[in-house]
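Here is the structure we will look at, set down as structure tokens.
Only the coordinates and a few stated rules stand behind these numbers; no lab work does. These numbers were taken from a predicted model, which means no experiment stands behind them. Reconstructed Cβ throughout: ideal geometry from the backbone, glycine too, with neighbour counts over all protein chains shown.
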Amino acid sequence: MSSNPKARTQTSFLFDLDGTLVDSVYDHVMAWHQALNDKGIEVSVWRIHRRIGMSGALFTRALAREMGHDIDDKLQAELSERHAYHYNNRTTGTRALPGARELIQHLKDNGIPWAIATSGRLLTAGPVLKHLGIDVEKDVVITRDVVRYAKPDPDLFIAAAEKLGTNITHACVIGDAIWDMLASRRAGALGIGLLSGGYGTDELERAGAYRVYEDPADLLDHIDEVGGRR
């Protein structure tokens with residue numbers, strides 16, 4: 001064990017991607033809506049939005065329960081493929097959320113460990129990460145491809161902390177959805193909620209967020225409150 005107390009207690013920041021660093025939640029919503037329509041499945045848009053942030057498999061199973069509609073493995077795979085197709089056609093206009101690049105740069109400049117952990121697979125997350133200026137070869141990025149379970153299971157965040165070489169119990173998980181907060185609690189990390197994905201403060205707090213900010217810019221303005229000192 002290291003004898004350096006700072007090495008043991010330094011806060012790391014583990015970020016969700018969609019709705020947290022990039023304004024892409026509604027791109028996913030409409031891509032899933034189109035994918036379901038392609039297969040003749042009618043679902044209200046608001047029901048889709050409430051499930052964004054889960055893995056694709058959990059997403060389709062949850063919708064199937066709500067609708068009483070059977071979705072077998074074959075149909076689930078086809079829906080995921082259609083979602084990826086529609087999403088990738090929409091992301092050419094996807095923008096980073098206010099302060100996202102500046103927040104990441106602040107962490108880099110101050111030697112604060114950070115990583116991205118997303119329920120998306122690299123097929124859909126890759127172009128968005130590039131737009132954000134994230135290098136998947138150099139920066140720590142954990143996608144759905146490399147873990148057994150996605151959110152609300154804690155695997156993504158645990159894997160991100162392990163790859164950083166930091167203690168998950170000293171990490172802050174930043175996300176926009178209740179699924180991020182639930183995964184954070186299960187991982188033993190502190191959850192920080194952002195309103196930029198469409199969930200309300202009360203929902204995020206009930207799911208485990210100990211602080212809630214508007215967006216990455218607001219978080220950066222208050223970074224000293226959560227252990228990311230300048």
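Based on alpha-carbon atoms only, what is the radius of gyration of the chain relative to the globular estimate 2.2 N^0.38 Å? Could the numbers behind the result be given before it?
On the way: Rg = 17.2 Å, N = 230, 2.2 N^0.38 = 17.4 Å.
Output field value: 0.99.
With no solvent and one point per C-alpha, what does the Debye sum give as log10 I(q)/I(0) for the range 1-137 at q = 0.10, 0.18, 0.21 Å⁻¹? Calculated log10 I(q)/I(0) at the listed q: -0.41, -0.97, -1.21.
Taking only the alpha-carbon atoms of the range 138-230, what semi-axes of the equivalent ellipsoid follow from 5 times the gyration tensor eigenvalues under a square root, in whole Å, largest first? Mind dumping the intermediate values first?
Values: eigenvalues 83, 53, 28 Å².
Calculated on Cα positions only, the semi-axes equal 20, 16, 12 Å.
Taking Cα atoms only, the orientation of helix 56-67 departs from the longest principal axis of the chain by about 50 degrees. Remark on residue 213: its backbone amide H falls under 5 Å from those of 193, 194, 195, a criterion applied only to residues 5 or more positions apart or on other chains, H modelled at 1.01 Å from N.
Taking the Cα of residue 30, stepping 7 Å toward and past its beta carbon, and measuring to each backbone N in the range 65-109: which are under 20 Å? The answer is 80-98, whose backbone nitrogens lie closer than 20 Å to the label point.
With an a/c value of 1.5 or above and a/b not larger than b/c for the gyration tensor axes a ≥ b ≥ c computed over the alpha-carbon atoms, the range 75-122 is described as oblate.
Lys-Lys pairs in the chain that are eight or more residues apart or on separate chains and whose Cα atoms lie under 28 Å of each other come to 16.
What translational diffusion coefficient, in µm²/s and rounded to a whole number, does the Stokes-Einstein relation yield for the range 43-90 at 37 °C and a viscosity of 0.692 mPa s, taking the hydrodynamic radius as the Kirkwood radius over Cα pairs? D = 294 µm²/s. For residue 61, project a label point 7 Å along Cα to C-beta. Then give me every residue of the range 121-156 with its amide nitrogen under 15 Å of that point. Flagged as within label range: 148-155. By DSSP, the beta bridges lying fully in the chain are antiparallel in about 5 percent of cases.
Calculate for the chain the 222 nm mean residue ellipticity that helices alone would give, adding -39,500 (n - 2.57) per DSSP H run of length 4 or more and normalising by residue count, nearest 500 deg cm²/dmol. Display every interim value, and only then the final one.
Details: 11 runs with 108 residues, N = 230.
After summing the helix terms and dividing by residue count, I get -13500 deg cm²/dmol.
Enter the angle in degrees (range 0 to 90, nearest 10) between the Cα long axis of helix 100-109 and the first principal axis of the Cα atoms of the chain, meaning the one along which they spread out most. Around 30 degrees separate the two axes.
The label-point distance for residue 206 and residue 88, in a model that sets each label 7 Å from Cα toward Cβ, rounds to 3.8 nm.
What does the extension gain come out to for residue 169 and residue 45, with contour length at 0.36 nm per residue minus their alpha carbon separation? Contour length minus the Cα-Cα distance gives 41.0 nm. For the pair the range 41-65 / the range 113-181, the C-alpha centres are spaced 21 Å from each other.
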